[in-house]
Amino acid sequence: MSATSVTFPIINETYQQPTGLFINNEFVSAKSGKTFDVNTPIDESLICKVQQADAEDVEIAVQAASKAYKTWRFTPPNERGRYLNKLADLMDEKRDLLAKIESLDNGKALHCAKFDVNLVIEYFRYCAGYCDKIDGRTITTDVEHFTYTRKEPLGVCGAITPWNFPLLMFAWKIGPALATGNTIILKPASATPLSNLFTCTLIKEAGIPAGVVNVVPGSGRGCGNSILQHPKIKKVAFTGSTEVGKTVMKECANSIKKVTLELGGKSPNIVFKDCNVEQTIQNLITGIFFNGGEVCCAGSRIYIEATDEKWYTEFLTKFKETVEKLKIGNPFEEGVFQGAQTTPDQFQTVLDYITAANESSLKLLTGGKRIGNKGYFVEPTIFYDVPQNSKLTQEEIFGPVAVVLPFKSTEELIEKANDSDFGLGSGIHTEDFNKAIWVSERLEAGSVWINTYNDFHPAAPFGGYKESGIGREMG
Ligand code: NAD
């Protein structure tokens, strides 16, 4: 299966985009001969067609990964680390192109894609350093015995990823699998397979042996389900919606696979009156409008202290004015903060939530409309004084829509912040560090950011409470 030449809109740059399935270090056609369209959400035009894997292709990938596992698991850890570092070096050389591919395919603003690529490179380096630091224990039993534990790889692992952070999720799955001596088959979201396939060319160039990494774009119900059902796949790492996460867990139970689930969120971002106002407003914006709000841990429920009515109203006014200055549009244009929503379905879902909110007479602070009539652009939108039990407060919208809820006491705040099926991210904004720690210890959230938001580091674990998932990634 050959590569195709793709031209970026606006900047007129051309590169070679692989469009095959990546199995055994080769790009191959799907056995069925089926392909699917990959469009850009920027203007809805076709970028290219990609081969569509199904059960037959997954079987071939599992055979390749099983064969590779026999040698990869015994490859010395420092050598595995060198491969991962080499991959990070090659990605570093191509960081601008990788970011552009991601923006073209996903619609995210270029600065967001650059943020992702940087974290991906740092994360592969972190995993490279981890390879030779995986130790067991010696256990004191009695003098006749020498007892010890060893941490061993599982074998062939499966991974299924969403479309909001295609390259980042690829790294979060591939990095740890390879560092720990496993081989892997990854299915990217069919909306956004391009950066993953391009990175496969670098995996091959880095010398990572054939069959260690296999990437099979395809549908969830077809290709994804074949991964879940395959008896030789010993673990599945899934990132996506809570709804599909429940299916993943049920399917994996049939062959007692281990599972890691990174699912949805509806994260509280909390503002106390004693915060640094300018910095807090920037953090609220990063919390909900970074990546067009397509962030699992987006700070979409904004709780603001309203013990002083005047301060509360002034804060809302400043927040509104700052948001209205954000530039929305073509991800490649200078100064654009927010690009396009990634898929037509998700775009429509976001607009439907806004319509439902308007119909129930929720108070709109700013935004609420589609921008233009080509591409999936939505204004950054904020509703305020929203009831705790409203659909907008309780459900994950997964777009640039925030709700503001006032609170009068810390006890009321904690109760409301934890009143959610989810528990992924959270933020606290205050100059009183004792208060921040006190509140953070009472929040049911995998991450609590204090006076910052969406701040990631490879060494810091990430994952959820409650229906936001099982297990931790990174760290
Ligand atoms: P999704 O659940 O629809 O799809 C995720 C992946 O699962 C895709 O690759 C899809 O093809 C596949 N899939 C769908 N149905 C399947 C099935 N029946 N069997 C096997 N695979 C199937 O999610 P999405 O819309 O791509 O992503 C958005 C969701 O992901 C949001 O809920 C978001 O919060 C969540 N997310 C979570 C994290 C995290 O780290 N917790 C990170 C990013 C996104």
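Values in this text are rule-based calculations from the coordinates and carry no lab data. This is a predicted model, so every value here is computed, not measured. With ideal geometry, Cβ positions are generated from the backbone for all residues, glycine too; neighbour counts draw on all protein chains shown.
Things worth noting here:
- When the convex hull of its Cα atoms is projected in every direction, mean area for region 400-466 (nm²): 5.4 nm²
- Estimated [θ] at 222 nm from DSSP helical runs (n ≥ 4, -39500 (n - 2.57)) normalised by residues in the chain, nearest 500: -11500 deg cm²/dmol
- The longest part of the chain holding none of the exposed loop chymotrypsin sites (Phe, Trp or Tyr not before Pro), meaning those outside H, G, I, E and B in DSSP with at most 12 other Cβ atoms within 10 Å, is 147-475.
- Each listed q (0.16, 0.20, 0.27, 0.30 Å⁻¹) maps to a log10 I(q)/I(0) for region 22-70 from the Debye sum over equal C-alpha point scatterers, namely -0.55, -0.72, -0.97, -1.07.
- Under the combined filter of DSSP loop state and at most 14 neighbouring Cβ atoms within 10 Å, region 322-402 retains these GluC sites (Glu not before Pro): Glu333, Glu334.
- Rounded to the nearest whole Hz, the Karplus-based 3J(HN,Hα) values (6.51 cos²θ - 1.76 cosθ + 1.60, θ = phi - 60°) of region 411-417 follow the sequence 5, 4, 4, 4, 4, 5, 4, with x at glycine and proline.
- FRET efficiency for Glu93 and Thr35, using Cβ-Cβ distance with R0 set to 35 Å, rounded to 0.05: 0.70
- Sorting Met474, Met91, Met249 from the fewest to the most surrounding beta carbons within 10 angstrom yields Met249, Met474, Met91.
- Region 260-358: projected area of the alpha-carbon convex hull, averaged over directions, in nm²: 8.5 nm²
- Extent along principal axes [Cα atoms of region 197-253; Å; largest to smallest]: 37, 22, 17
- Cα-projected label distance for Asn254 with Gln279, points at 7 Å along beta-carbon direction, nm: 5.2 nm
- Volume of the Cα convex hull of region 279-330, divided per residue and given in Å³: 76 Å³
- Distant alpha-carbon pairs in region 434-475 (separation over 12 angstrom), percent: 64 percent
- Rounded to 5, percent antiparallel among DSSP beta bridges of the chain: 40 percent
- Proxy reagent accessibility, fewest Cβ within 10 Å first, across Ser66, Ser447: Ser66, Ser447
- Crossing angle, helix 344-359 versus the chain [Cα axis fit, 0-90 degrees, rounded to tens]: 20 degrees
- Each 10 Å bin from 0 upward holds the following percent of the Cα-Cα pairs of the chain: 4, 20, 29, 25, 15, 6, 1, 0.
- According to the Kirkwood relation over distinct C-alpha pairs, the hydrodynamic radius of region 91-241 is 16.7 Å.
- Extension gain, Ser219 back to Lys133 (0.36 nm per residue minus Cα-Cα distance, nm): 27.3 nm
- In region 1-77, GluC sites (Glu not before Pro) in a DSSP loop with at most 16 other beta-carbon atoms within 10 Å: Glu13, Glu44
- The orientation-averaged projection of the convex hull spanning the C-alpha atoms of region 316-475 amounts to 11.2 square nanometres.
- Across region 156-284, Cα pairs under 8 Å and at least six residues apart give a relative contact order of 25 percent.
- Rounded FRET efficiency, nearest 0.05, which uses the C-beta distance separating Glu334 from Glu431 and R0 of 35 Å: 0.50
- Among Thr452, Phe433, Met474 - extreme Cα towards positive end, dipole of region 430-475, charges at beta-carbon: Met474
- Relative contact order for the chain: 16 percent, from Cα pairs under 8 Å spaced at least 6 residues apart, divided by residue count.
- Residue order, fewest to most beta carbons within 10 Å, for Glu431, Glu441: Glu441, Glu431
- Qualifying GluC sites (Glu not before Pro) in region 85-163, DSSP loop, other Cβ atoms within 10 Å at most 15: Glu144
- The H on the amide N of Tyr303, modeled in the peptide plane, is under 5 Å from the matching H of Asn269, Ile270, Val271, Leu405, each at least 5 residues off or on a different chain.
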